[in-house]
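To start, the structure under review is shown below, and the notes come after it.
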Amino acid sequence: MAIIMSLAGPSECEDRLAGCDVWFDDGFCENSTDLMSVFCRKTCGFCSTRPEVCLDVISFCPQWANSGLCIASQEFMLANCPKSCDFCKAS
């Protein structure tokens, strides 16, 4: 059973649930990105700021891009996986 650590206000980079490490090991960071990017940001590697250069900030970006998330979760992917989704503008 997960214990909610904090739901009061957004945090830059912290997990909001206990047990995120176990969920990470079970593949939830990759398979349940919508939930895990809210509740297990630190453990799953979702903490980032928009990069000025065209780089992915999460190691799973190529897999997510190949599975269609560039379209299905465009806002999230634009912020975190611009390279894998070909969102970068040529200079």
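The values are calculated or read from the model by the stated rules, or taken from the named source; none is laboratory data. What you are looking at is a predicted structure, and each value in this text was computed from that prediction instead of being measured. Cβ placement follows ideal geometry from the backbone for every residue including glycine, while neighbour counts extend to all protein chains displayed.
General observations
- Whenever a residue of the range 16-40 is in a helix (DSSP H, G or I), its partners that are crowded, with 18+ Cβ neighbours inside 10 Å and among the polar types (S, T, N, Q), lying with C-beta atoms within less than 6 angstrom and at least six residues away or across chains, give the pairs C20/T43; D21/T43; F24/T43.
Conditions tested, residue by residue: (1) modelled with pLDDT under 80; (2) over 14 Å from the mean Cα position of the chain (by Cα); (3) surrounded by 12 or more Cβ atoms within 10 Å (Cβ to Cβ).
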position	(1), (2), (3)
T43	no, no, yes
F46	yes, no, yes
V53	yes, yes, no
A65	no, no, yes
Q74	no, no, yes
C81	no, no, yes
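- Top-ranked residue in the range 56-91 [being touching a helix residue (DSSP H, G or I) at 6+ places or on another chain (Cβ under 9 Å) and among the acidic types (D, E); ranked as nearest to F46 (Cα to Cα)]: D56
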